[in-house]
Amino acid sequence: MEKLQLSFLFKIIGLGSASGLIYHNNTILAIGDNSTYLYEYHIDSAKLDRHPLTDNAKENIPKNQKLDFEAITQYQDSIYIFGSGSTENRTKMLHLDAKSKKVLATNDVSDLYLALQSFGEIRPEDFNLEGAIYNGENWFLFNRGNGKSNKNFVFTITGKNLTTDFRILSNPYKLPKIKGVRTSFTDAILVEDKIYFLATAENTESTYDDGEILGSIIGRIDIKTMQLDFTKKIEGNYKLEGITLFRKTNDSIAFLVCEDKDNAILESSIYKLVISD
């Protein structure tokens, strides 16, 4: 796969700082990292519904208070949303019913996050989960290496649950640089036996403070070997943070991706990203 095309589709007005997407039946489910709502956007009508994820759900939550929901994944009738773990109050995992969008359980996964830090030898200030995948057997959690140590990791987790009974495998990745800055994971999705991921170059050595955006790449990992198949620079200087499958044919695969502009404006741009032979 060699050709890459990014095209703007539309803006979702009312959703800010988009960080994760799920596409199904011409509807987008989205999360924002400074919000405690799950957003449901109906493409045909441009209608936006909000589903509260916590009591007294809010938008534009100050950075030092936000739960920082950065990763969303779906398996069958369940949706899972993860906090980034970049501070002590960002360690929640939510389990939702995919049909009703109701929260079934809120779990504290701080023990898991501490175990991941220990296993990957990641300092707390360099820990920042930005992507999650669940395939019914294994969890795959993506640490964004935008701290000083640039530790891009994919953690593979098995076991009965993510709170008391889990086993961890880890794979580190040295992703390419853009203008001298190392790219770092921002989201991922599983398509058949391949993981497609986004990574962004942000000129900062902090998982907390924002920096200049230098652009993003897309890449692919073989789930059987956990080896990189390819990476490719996406045109423009976008901070692309969410990816979901749109459609797949014999000679191309199309994703919807979202842009996080790290501001308080309640609108998010959605793009179509096509990879073709």
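Regarding residue 151, is this residue surrounded by fewer than 20 Cβ atoms within 10 Å (Cβ to Cβ), farther than 26 Å from residue 30 by Cα and modelled with pLDDT under 95? Explain how you work it out, then say what you get.
On the way: surrounded by fewer than 20 Cβ atoms within 10 Å (Cβ to Cβ): no; farther than 26 Å from residue 30 by Cα: yes; modelled with pLDDT under 95: yes.
Spelling it out, it is not the case that residue 151 is surrounded by fewer than 20 Cβ atoms within 10 Å (Cβ to Cβ), farther than 26 Å from residue 30 by Cα and modelled with pLDDT under 95.
For segment 61-77, does any single residue satisfy the condition of being touching a Ser or Thr at 6+ places or on another chain (Cβ under 6 Å) and either on the phi > 0 side of the Ramachandran plot or of a type in the set (D, E, K, R) (or both)?
yes
Quickly run through segment 108-142 and pick out the residues that are open to solvent by less than 30 Å² (accessible area, probe 1.4 Å) and of a type in the set (Ser, Thr, Tyr).
Scanning segment 108-142 gives a single hit, 113.
From 7, 45, 19, which residue is outside any loop (DSSP other than H, G, I, E, B), of a type outside the set (Lys, Arg) and surrounded by fewer than 23 Cβ atoms within 10 Å (Cβ to Cβ)? If you could, list the steps in order and put the result at the bottom.
Numbers: 45 fails: outside any loop (DSSP other than H, G, I, E, B); 19 fails: surrounded by fewer than 23 Cβ atoms within 10 Å (Cβ to Cβ).
Only one candidate qualifies: 7.
Considering segment 67-107 alone, what residues qualify as being open to solvent by 30 Å² or more (accessible area, probe 1.4 Å), among the basic types (Lys, Arg) and not in a strand (DSSP E or B)?
Of everything in segment 67-107, those that are open to solvent by 30 Å² or more (accessible area, probe 1.4 Å), among the basic types (Lys, Arg) and not in a strand (DSSP E or B) turn out to be 99, 102.
Going by the structure shown, is residue 58 closer than 19 Å to residue 191 by Cα and open to solvent by 70 Å² or more (accessible area, probe 1.4 Å)? Outline the logic, then answer.
Values: closer than 19 Å to residue 191 by Cα: no; open to solvent by 70 Å² or more (accessible area, probe 1.4 Å): yes.
No.
Does segment 26-42 hold any residues that are at pLDDT 95 or above and either open to solvent by 20 Å² or more (accessible area, probe 1.4 Å) or assigned to a strand (DSSP E or B) (or both), and which are they?
26, 27, 28, 29, 30, 31, 37, 38, 39, 40, 41, 42
The values are calculated or read from the model by the stated rules, or taken from the named source; none is laboratory data. Just so it is clear, the structure is predicted and the values come from calculations on it, not from any experiment. Cβ sites come from the backbone with ideal geometry, for glycine too, and all protein chains shown count toward neighbours. Areas reflect the complete protein model, heavy atoms only, side chains present, ligands, DNA and RNA absent. Shrake-Rupley method; radii C 1.70, N 1.55, O 1.52, S 1.80 Å.
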